[in-house]
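Engineer: Okay, handing you the structure first.
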Amino acid sequence: QVQLVESGGGLVEPGGSLRLSCAASGSIFSINAMGWYRQAPGKQRELAATITSAGTTTYADSVKGRFTISRDNAKNMVYLQMNSLKPEDTTKYYCNAEVKRFWYDPISTYWGQGTQVTVSS
């Protein structure tokens, strides 16, 4: 089994910063892309940022220039540095990873339980 555990969420004032972390553990042979998604109540989950194992990144237009995704392949971790936070960034953030559990396995997608980010004065 593979587990993804997020941390780092919380309450921050507009214009502030937070850093989210996600640790992948369990039976892992390799991890391809990792990412951060967010989902507000009653809305579809949407991409915030992704990063490949080679370090290629993609960002949603709404977070470009404010958020930075990075990863530590040796530790199976992915991070999201969020700066200049806005009230509209308030939602739950989910970590995602494309994992091969064994060399012969197909790639499967795993999700964390999410961490709440609230931007409010």
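Engineer: Which of the residues belonging to region 24-62 are of a type in the set (A, V, I, L, M), more than 15 Å from Ala97 (Cα to Cα) and surrounded by 14 or more Cβ atoms within 10 Å (Cβ to Cβ)?
Structural biologist: Our first condition is that a residue be of a type in the set (A, V, I, L, M); within region 24-62, this holds for 24, 28, 31, 33-34, 40, 47-49, 51, 54, 60.
Narrowing the set further to residues that are more than 15 Å from Ala97 (Cα to Cα) leaves 40, 60.
Listed by number, the list holds a single entry, Ala60.
Engineer: Only residues that are closer than 29 Å to Gly15 by Cα and open to solvent by 70 Å² or more (accessible area, probe 1.4 Å): list them for region 71-86, please. Write out each step before concluding.
Structural biologist: So in region 71-86, the residues closer than 29 Å to Gly15 by Cα come out as 71-72, 77-86.
The one that is closer than 29 Å to Gly15 by Cα and open to solvent by 70 Å² or more (accessible area, probe 1.4 Å): Lys86.
Engineer: Looking only at region 94-121, filter to residues that are of a type in the set (S, T, N, Q) and over 18 Å from Gln39 (Cα atoms); which one of those is most open to solvent (accessible area, probe 1.4 Å)? Quick ask: steps written out before the conclusion?
Structural biologist: Step one: of region 94-121, the residues of a type in the set (S, T, N, Q) are 96, 108-109, 113, 115-116, 118, 120-121.
Then keep just the ones that are over 18 Å from Gln39 (Cα atoms); that gives 108, 121.
Values: Ser108: 46, Ser121: 130 Å².
Only one residue fits best here, namely Ser121.
Engineer: Step by step: first the residues of region 2-17, then only those that are open to solvent by 30 Å² or more (accessible area, probe 1.4 Å) and in contact with a Gly (Cβ under 8 Å, 6 or more places away or on another chain), then the one that is farthest from Gln116 (Cα to Cα). Which residue is that? Show your work before the answer.
Structural biologist: Just the residues of region 2-17 that are open to solvent by 30 Å² or more (accessible area, probe 1.4 Å), to begin with: 3, 5, 7-9, 11, 13-15, 17.
Keeping just the survivors that are in contact with a Gly (Cβ under 8 Å, 6 or more places away or on another chain) gives 3, 5.
Details: Gln3: 18, Val5: 13 Å.
Once the filter is applied, the top-ranked residue is Gln3.
Engineer: Name the residue, out of Thr68, Thr91, that is open to solvent by 70 Å² or more (accessible area, probe 1.4 Å), within 15 Å of the chain's Cα centre (by Cα), among the β-branched types (Val, Ile, Thr) and over 16 Å from Phe29 (Cα atoms).
Structural biologist: Numbers: Thr91 fails: open to solvent by 70 Å² or more (accessible area, probe 1.4 Å).
Result: Thr68 is the single residue among Thr68, Thr91 that is open to solvent by 70 Å² or more (accessible area, probe 1.4 Å), within 15 Å of the chain's Cα centre (by Cα), among the β-branched types (Val, Ile, Thr) and over 16 Å from Phe29 (Cα atoms).
Engineer: Another question, if that's okay. List the strands (runs of 3 or more DSSP E) inside region 6-121, counting only whole elements, that have at least 2 residues being out of contact with any Ser or Thr (no Cβ under 7 Å at 6 or more places or on another chain) and modelled with pLDDT under 95.
Structural biologist: Passing ranges: none, list empty.
Engineer: Within region 42-60, track down each residue that is over 15 Å from Met82 (Cα atoms) and either in contact (Cβ under 8 Å) with a residue 40 or more places away in the chain or basic (Lys, Arg) (or both).
Structural biologist: Scanning region 42-60 gives Lys43, Arg45.
The values are calculated or read from the model by the stated rules, or taken from the named source; none is laboratory data. Note that this is a predicted model, so its numbers are computed, not measured. Methodologically, a virtual Cβ is constructed for each residue, glycine included, from the backbone with ideal geometry; neighbour enumeration extends over all protein chains shown. With ligands, DNA and RNA removed, areas are computed over all heavy atoms of the protein, side chains included. Shrake-Rupley method; radii C 1.70, N 1.55, O 1.52, S 1.80 Å.
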